[in-house]
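A.B. asks: Got a structure for you, written out below as structure tokens; questions coming shortly.
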Amino acid sequence: MLTAKRMTVEDLASAYRVMMLSRRFDEWLGELNHRGTPVPHYHSGVGQEALMVAAVTPLRRTDQMIYTHRGYGHLLAKGISLREIALDLFMKAGGTNHGLGGVMHVNRPDLGVPGREGVFGGRFAIAAGLALAAKLDGRDEVTVCFYGEAAGARGNLYEALNMVVLWNLPVIYVAENNGWSFSSRTEWLYPEGRMSRVWRGFEIPVEVIDGNDAEEVFATVSRAVARARAGEGPSVIEALTYRLEPHIWRDKAAYQPPDEIASWRRRDPIARAARRLLELGMNQNEIDSIACWAEDEVERTIAAVEAAPDATWEDGRHQMEV
Amino acid sequence: MTSTRLTGREALNRVLASELAVNRRAVVMGETVRLAGSSGVLHGLYDRFGPSQVIETPVSENGIFGAALGLALAGFRPIVEIYSADFLLVVANEIIGDMCKWRQQQARPGPMPIVIRGCMGPNAKGGLGPEHSQSMEPYFHHAPGLVIVTPGTPRDMAGLLRASLRSPDPVLFFEHRRVYDLADEIPDDESFIIELGRAEVVREGKDVTLVAWGWMRSEAEIASSVLDAEGISVELIDPRTIAPMDHEAIRRSVARTAQLVVAEEAPRTGGVGAEVLARAVESAARPIRVARVSMPDAIHPYSASMERLFIPNANTIADAVRRLVSSARSAPPVLAR
């Protein structure tokens, strides 16, 4: 049995910085949206930062990561800059895809982010293929594949699951159970609202964890990664969290009960991580300064990105000449 | 240069074996590939190259094709066998939605070196039913970014498969069940290759341009000989690839003949033939006359005798050419532009 790797105070502080950057970026985009500035294909990750960030922190640069379209914490944690993400989001020149894929297709293969499929569900098998490549090459790299309620409800999951267990591949599937699939409750789509039940028949590790606890996310993913690197095969982690903001920029989310949102706000992963940092010996000034840094970083980045030239068809066409 | 007489099946097997031998990251994957694949093309490859290069998969097309994409993103060259080309509809999203779009959406203009190959069309006996007989090229030729190959001879199977294995783009390689059993002299030279996107003028002629691919090429060759004996000189063109389509070769021929017939095994509506005729009419400098021979807009009956009434053959192709040539004397031509 592999023992869980614990987060040091430095680990948690560095994850906290990325979580805070993700939060401030989301808040800024939400504000722009509220003021009527188009933020195309924006999906808020507010409330899911511990899951997004602490699940990526245990990875190496060469490990592969398939992210969901909700929130930018996964991308930031894997080393993609806020500037690149924002350039892609606003279809500006100089991002990762020159207006051809927007924020839905941010990618940096050199950082283990090959991109994102278009229709939910394809990712399970793409991740299997990435993991199969590592295994055939004899590399000890792993693939982490995040997914939401929509992708996990498709039959593709079963086919990939059967294959990764059959071939004992180094892959970790992380279900982001945030309570909602657009306007549908997870309970309406999965028995008892649990996305990971379907995996249990395969006798691979399947853990349901508190996705708002950065330390628990980190420890669980670290254990799964160590297992995969050691050639012991796939695992599944279902992280319970909550989508605090509407599904998408044009959604008013009147279907989300205010008291439910309020109760989950009390479990905010960022406030929780801050309390743990205090317990671990960090002082309040240091913690506050991280929030200030993130605020500045987002403000400067957005200003620079707003001033950047739009991606043009010429940029895009150049990229399409394969 | 030496050559060996091989069936289509043997020719494909030889090209695949030579690719697996030189490229450790070339992997064959699919259902029943450990034995020989669905049509015997892969015979002996598992014994020779083992499970790391010949990967037997469950009957999980979405899984297989998604994994192939993942392998390609990681620098491998997956060669995926679809059990029957008809089943590609199950993975239309993996092919059209992901493999074709990936490089453009991600703006990563590197290779997407996936070859998807599989058997297609009715065999000589027929009666395989509408799930194992369809011509699949019309469904996919609408998708940007895909190469579609439809070899009509064993020699073309060998040369075009080798070219497909050098292609930076995803390739659909359709092996007609009746072409498997033909035999050709195939060059032994392992660099023998037929460029993708280049039509072959199978037979030169001056009266009518006839375009046919896959099994229809063989039917059209017979029709051309019969028509020649009747005094109608046919120029037969096999485009060999549906995408890219060598419209220029067809345009050059039609510039001389001003008459064009396309013989296609698929149903008529929205077919590849429609696109070939449209391009020819658009690009012609003078009025031309056009016609199509195709399957009707219907499904393949399980009854082989009923099916035979549906599939174009040498007789129906020759009839279409005769009708076009004789009506040329009595009706005004289609106006270009």
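Nothing in this text is a laboratory measurement; each read-out follows from the coordinates by a stated rule. If you're wondering where the values come from, they're calculated on a predicted model, not measured in any experiment. Positions of Cβ are backbone-derived with ideal geometry, glycine not excepted, and every protein chain shown enters the neighbour counts.
A.B. asks: Suppose every Lys and Arg Cβ carries +1 and every Asp and Glu Cβ carries -1, with no other charges. What dipole size does chain B come out with about its Cα centre, to the nearest 20 debye?
C.D. replies: Details: 36 positive and 40 negative charges, 148 e Å.
It comes to approximately 720 debye.
A.B. asks: Given a cut-off of under 8 Å on Cα pairs at least six residues apart, what relative contact order in percent is computed for the stretch B:3-187?
C.D. replies: Values: 351 pairs, mean separation 52.1, N = 185.
This gives 28 percent for the stretch B:3-187.
A.B. asks: Okay, next question. For the ranges B:219-231, A:82-94, what's the packing order if you count other beta-carbon atoms within 10 Å of each residue, average per peptide, and put the highest first?
C.D. replies: Numbers: B:219-231: 18.4, A:82-94: 21.2.
By packing density, highest mean first, the sequence is A:82-94, B:219-231.
A.B. asks: Would you kindly derive the ³J(HN,Hα) couplings of the stretch A:90-103 from the backbone phi angles with the Karplus curve 6.51 cos²θ - 1.76 cosθ + 1.60 (θ = phi - 60°), listing them in order in whole Hz, with x for Gly and Pro?
C.D. replies: 8, 6, 9, 5, x, x, 8, 9, 6, x, 7, x, x, 6
A.B. asks: Sum up the charges of everything whose Cβ sits under 10 Å from the Cβ of A:S235, counting Lys and Arg as +1 and Asp and Glu as -1, but leave A:S235 out.
C.D. replies: Values: positive: A:R223, A:R227; negative: A:E207, A:E232.
Value of the local net charge: 0.
A.B. asks: Which FRET efficiency value, to the nearest 0.05, is calculated for A:N162 and A:D140 with the Förster distance at 35 angstrom and r the Cβ-Cβ distance? Kindly include the intermediate steps, with their values, before the conclusion.
C.D. replies: Numbers: r = 24 Å, r/R0 = 0.68.
The calculated FRET efficiency here is 0.90.
A.B. asks: Report the semi-axes of the equivalent ellipsoid for chain A in whole Å, largest first, where each axis is √(5λ) for an eigenvalue λ of the Cα gyration tensor. Walk me through the intermediate numbers first.
C.D. replies: Working: eigenvalues 158, 119, 85 Å².
Here the semi-axes work out to 28, 24, 21 Å.
A.B. asks: Net charge within 12 Å of B:G231 by Cβ-Cβ distance, Lys/Arg positive one each and Asp/Glu negative one each, not counting B:G231 itself?
C.D. replies: Numbers: positive: B:K206, B:R322; negative: B:D207, B:D228, B:E230.
With Lys, Arg at +1 and Asp, Glu at -1, the net is -1.
A.B. asks: Calculate the mean, over all residues of peptide B:167-179, of how many other protein chain Cβ atoms lie within 10 angstrom of the residue's Cβ. Walk me through the numbers before you get to the answer.
C.D. replies: Numbers: counts 0, 1, 1, 0, 0, 0, 0, 0, 0, 0, 0, 0, 0.
The mean count of partner-chain Cβ atoms within 10 Å per residue comes to 0.
A.B. asks: Add -39500 (n - 2.57) for each DSSP H run of 4 or more in chain B, then divide by its residues: what number comes out at 222 nm, to the nearest 500 deg cm²/dmol?
C.D. replies: Values: 11 runs with 111 residues, N = 337.
That calculation yields -9500 deg cm²/dmol at 222 nm.
A.B. asks: Could you let me know the centre-to-centre spacing of the stretch B:76-102 and the stretch A:217-234, using Cα atoms, in angstrom?
C.D. replies: 31
A.B. asks: Next up: Keeping to pairs on different chains or 8 or more places apart, tell me how many lysine pairs in the protein assembly as shown have Cα atoms under 24 Å apart.
C.D. replies: Step by step, the pairs that qualify in the protein assembly as shown add up to 6.
A.B. asks: At what distance in nm do the modelled label points of B:S326 and B:T269 sit from each other, each positioned 7 Å from its Cα along Cα→Cβ?
C.D. replies: It is 3.0 nm.
A.B. asks: Right, here's the next one. For peptide A:101-110, what's the mean number of Cβ atoms from other chains within 10 Å of each residue's Cβ?
C.D. replies: Details: counts 7, 1, 0, 1, 7, 1, 6, 2, 6, 0.
Mean number of neighbouring Cβ atoms from other chains: 3.
A.B. asks: Please state the relative contact order of the stretch B:75-163 as a whole percent: Cα pairs under 8 Å, 6+ residues apart?
C.D. replies: Numbers: 75 pairs, mean separation 29.8, N = 89.
Contact order relative to length: 33 percent.
A.B. asks: Something else now. Say R0 is 30 Å: what FRET efficiency, to the nearest 0.05, do A:V119 and A:F202 get from their beta-carbon distance? The partial results should precede the final answer.
C.D. replies: Values: r = 25 Å, r/R0 = 0.83.
Between A:V119 and A:F202 the formula returns 0.75.
A.B. asks: Ok, one more. Enter the mean projected area of the convex hull around the alpha-carbon atoms of the stretch B:200-327, in nm², rounded to one decimal.
C.D. replies: Working: hull surface 30.1 nm².
Mean shadow area of the hull around the Cα atoms is 7.5 nm².
A.B. asks: If you average the alpha carbon positions of the stretch B:155-228 and of the stretch A:37-56, how far apart do those two centres end up, in angstrom?
C.D. replies: After rounding, the separation between the Cα centres reads 52 Å.
A.B. asks: On to the next question. Along Cα→Cβ, 7 Å out, is where each label goes; now give me the distance between the ones at A:E31 and A:R275 in nm to one decimal.
C.D. replies: About 2.7 nm, to one decimal.
A.B. asks: Starting from the Cα gyration tensor of the stretch B:3-187, multiply each eigenvalue by 5, take the square root, and state the resulting semi-axes largest first in whole Å. Present the calculation step by step, with values, prior to reporting the outcome.
C.D. replies: Values: eigenvalues 109, 75, 51 Å².
Ellipsoid half-lengths, sorted descending, are 23, 19, 16 Å.
A.B. asks: Shifting gears a bit: Would you please put A:246-259, B:258-271, B:39-52 in order of how densely packed they are, using the mean number of other Cβ atoms within 10 angstrom per residue and starting with the highest? If you can, show how the numbers build up before the last one.
C.D. replies: Values: A:246-259: 13.3, B:258-271: 22.2, B:39-52: 16.2.
Highest mean packing first, the order is B:258-271, B:39-52, A:246-259.
A.B. asks: Provide a whole-number value for the mean count of partner chain Cβ atoms within 10 Å of the Cβ atoms in peptide B:89-101. The partial results should precede the final answer.
C.D. replies: Numbers: counts 0, 0, 2, 0, 6, 7, 0, 1, 4, 9, 0, 0, 6.
What the average comes to for B:89-101 is 3.
A.B. asks: So, one more: Kindly state, to the nearest 0.05, the FRET efficiency for A:D296 paired with B:L309, given R0 = 45 Å and r defined as their beta-carbon distance.
C.D. replies: 0.05
A.B. asks: Please list the non-local residues whose amide H lies under 5 Å from the amide H of A:E207, H modeled 1.01 Å from N, same-chain partners needing a gap of 5 or more.
C.D. replies: Residues meeting the criterion, in which the H sits 1.01 Å from N, are A:V236, A:I237, A:E238.
A.B. asks: Using Cα-Cα distances under 8 Å and only pairs 6 or more residues apart, what relative contact order does the stretch A:9-320 have, in percent?
C.D. replies: Numbers: 575 pairs, mean separation 76.7, N = 312.
Once normalised by length, the contact order is 25 percent.
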